[in-house]
Every structure is written in structure tokens, then in C-alpha cells.
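Trainee: This structure is in C-alpha cells; I'll ask about it shortly.
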Amino acid sequence: MKIARLRIPEGTVYASIREDGYHIILGDIFSEWGELSEPYEGEYTLLPPVSPSKVVCLGANYKKHAEELSLDVLPEPTIFLKPPSSVIASGEDILYPASATKVDYESELAVIIGKRARNVKESEALSYVLGYTAANDVTERNMQKKDGQWTRAKSFDTFCPLGSYMETDLDPSDVEIVGKRNGAVVQCGRTRDLINSVEKSIVFISGIMTLEAGDVILTGTPAGIGELSVGDLFEVEIDGALMLTNRVVREEV
Ligand code: MG
């Protein structure tokens, strides 16, 4: 099923997406919940599908992408963090930082953790997942190369757009990821080509840090990365469903 997160006048709510609209969810989305039978008809603002305590990302997790960036594929996964302050919703603007000289898009499948996870076994890894969404791991490429580590390049405000909803019924083993810049397909990959699968990524990360319900894992980007310019519209589709749309706007300082 498809679940979105909305701000309504009464507060922040989750809602299932049905043919007749959003149905407000009552209870705890990570535990026991139910939904109202009537669709919601009031005002709302679409929010990112979760408010994570951290976003953990896989780097160089597709061989062809590692080659295009001349990154070595190491025996163990390369991981890095994006701060919660970088997360924005679909429809919000990606701010092109005043200090930036090369801002790239990276279309990715995002995994939303459903319950606290620590030292997870591979056979049980998917039971810790609540759902999946699209992500754009926006990156300042010149800073990434110059700094020697990736924190600045990956962490600007608005550099982690997440999809307009999460899909709870998805087999992550062979999902298509498509990135479109101004309507033209620029990235097209499949998760069957991941070097570290979703399961292996959860095992590796949860062996280092506790993953909390609502935390997000970005699984890495397929080949075809490229530059964003002010005014561009960037979209990410997962298995043919448009989940994420953002415009690039110059940061006002
Ligand atoms: Mg990435």
C-alpha cells in the first residue's frame, strides 16, 4: 500500500493513498494503526514520508556508477550520512547553494526502517523494513572530490529529497530506478545490479549503529549521474511510479 505523511491544520498525520484520496491513519504507523473510512477533504501540505533520525547512504553501490566516478569498489560497503536537515518533500525546491560550483543529481531507491534494528541477520533484514520510496542524493561534486570526505558535499539543506509516499508492497530485489532531468531520462538502473543488496546493507549498517524506526537508507545511484542547473526539474520514478519531483532554485543569501 501507499502511505504519505501530511501536515493538516490539526497536526502531522500519516495517510494511506486510495483511489478516492488520502485516508487519515490513526495510531502508530510503526506499530498498531487503522485508517478512517472516509477520504480526507481538508487542507494539507505534503511532507517527506518520514522524519528520520538519520539518513545512511551507500556509496559506489553500482559497478557502472563506481566506474564513472573512478571510485574503487571495496570489499566492504562504503557508507556515509546525510543530516535530517537535508530532507525535503517532493514538490519542495532544491536550493542551489551560493558556495556551490557543481551540483549533481543521484536517483536512488530509499529504504524506510520500520522498527529498531541492531545486528540484524540477513535472513531477517527485510522484516525491519516498513516501505520504500524514491530519493535524490544531491551532491556538490567538486566539494566531494576536494574535501577528502563527503560530509559537506552531501549535507546542504534540501540535498535529500524523499518521495511523495512510501510503498510498503515492494520486492526490492529487482526494482527499476529512473531519473529524469527536464523530462529526459538520464538514469535508468535496476536494483538487481546493486553490489550490496538491501538485505546486506541493513546487516552492515545495523552492525555499526542502531537503526531507529523512520530512519532511511539510500541504496546508491546507478550510472548516469550528471549536473543540475538552476531552473531544472528533476524527477525520480521507482518501477514506473513517479514518486519524486523537485525544482532547482538558487539559494538566496
Ligand atoms: Mg548516492
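The values are calculated or read from the model by the stated rules, or taken from the named source; none is laboratory data. As the structure is a computational prediction, the values presented were derived from the model and not from experiment. FYI the Cβ positions are ideal-geometry reconstructions off the backbone, even for glycines, and counts take in every protein chain you see. What goes into the accessible areas is simple: the full protein's heavy atoms, side chains included, and nothing from ligands, DNA or RNA. Shrake-Rupley method; radii C 1.70, N 1.55, O 1.52, S 1.80 Å.
Trainee: On full extension of the chain, what length is gained from Lys145 through Leu81, given 0.36 nm per residue of separation minus the C-alpha to C-alpha distance?
Mentor: Values: separation 64, 0.36 × 64 = 23.04 nm, distance 1.64 nm.
Once the chain is fully extended between Lys145 and Leu81, it gains 21.4 nm.
Trainee: Next question. Order of 119-127, 217-225 by packing, highest average Cβ count within 10 Å first? Write out the running numbers ahead of the final one.
Mentor: Numbers: 119-127: 13.6, 217-225: 24.2.
Most protected by this proxy first, the peptides run 217-225, 119-127.
Trainee: Another question, if that's okay. Over the chain, what is the relative contact order in percent, taking alpha-carbon pairs closer than 8 angstrom and at least six residues apart? Intermediate values should be presented prior to the final figure.
Mentor: Values: 659 pairs, mean separation 66.4, N = 253.
So the answer I get is 26 percent.
Trainee: What's the center-to-center distance, using Cα atoms, between the range 183-253 and the range 1-27 in Å?
Mentor: So the two Cα centres are separated by 23 Å.
Trainee: Moving on to the next point. Under a point spin-label approximation (7 Å from Cα along Cα-to-Cβ), what is the Thr12-Ser229 distance to one decimal in nm?
Mentor: Here the answer is 3.6 nm between the modelled labels.
Trainee: Separate question: So, with +1 on the Cβ of K and R and -1 on the Cβ of D and E, and no other charges, what is the size of the charge dipole of the range 110-253 about its Cα centre, to the nearest 20 debye?
Mentor: Details: 16 positive and 22 negative charges, 95 e Å.
Charge dipole, the range 110-253, about its Cα centre: 460 debye, nearest 20.
Trainee: In debye to the nearest 20, how big a dipole does the range 179-229 give about its Cα centre with +1 on each Lys and Arg Cβ and -1 on each Asp and Glu Cβ? Before the final figure, lay out each step's value.
Mentor: Details: 5 positive and 5 negative charges, 57 e Å.
That gives the range 179-229 a dipole magnitude of about 280 debye.
Trainee: Using 0.36 nm per residue, how much length does the chain from Ile208 to Lys63 gain when fully extended, once their Cα-Cα distance is taken away?
Mentor: Details: separation 145, 0.36 × 145 = 52.20 nm, distance 2.39 nm.
The Ile208-Lys63 span can extend by a further 49.8 nm.
Trainee: Also: In the range 79-182, with Lys and Arg counted as +1 and Asp and Glu as -1 at Cβ, which of these residues, Ser123, Pro97, Gly163, has the Cα nearest the positive end of the dipole, that is, farthest along it?
Mentor: Pro97
Trainee: Could you compute the FRET efficiency for Arg118 and Ser173, with r as their C-beta to C-beta distance and R0 at 35 Å, rounded to 0.05?
Mentor: Between Arg118 and Ser173 the formula returns 0.90.
Trainee: Next question. Averaged per residue, what accessible area in Å² does the range 55-250 show with a 1.4 Å probe, protein chains only?
Mentor: Values: 7770 Å² over 196 residues.
So the range 55-250 comes to 40 Å² accessible per residue, rounded to a whole number.
Trainee: Would you be so kind as to identify which of Val236, Ser70, Val175 lies farthest towards the positive end of the dipole of the chain, taking Lys and Arg as +1 and Asp and Glu as -1 on Cβ and the Cα centre as origin?
Mentor: Ser70
Trainee: In debye, nearest 20: dipole of the chain around its Cα centre with unit charges on the Cβ of K, R (+) and D, E (-)?
Mentor: 860
Trainee: Along the charge dipole of the range 2-47, Cβ charges K/R +1 and D/E -1, which of Ala4, Pro39, Ser16 sits furthest on the positive end?
Mentor: It is Ala4.
Trainee: Still on this structure, I have one more. Compute the label zone of Lys102 within the range 224-248: residues whose backbone N is under 18 Å from the point 7 Å along Cα-to-Cβ.
Mentor: Zone members listed by number: 224-230.
Trainee: Direction-averaged shadow area of the convex hull around the Cα atoms of the range 55-250, nm²? Provide the component values of the computation, followed by the final result.
Mentor: Details: hull surface 38.8 nm².
For the range 55-250, the mean projected area of the Cα convex hull comes to 9.7 nm².
Trainee: Identify all lysines with a Cα-Cα distance to Lys121 below 22 Å; exclude those on the same chain that are fewer than 8 residues away in sequence.
Mentor: Lys54, Lys200
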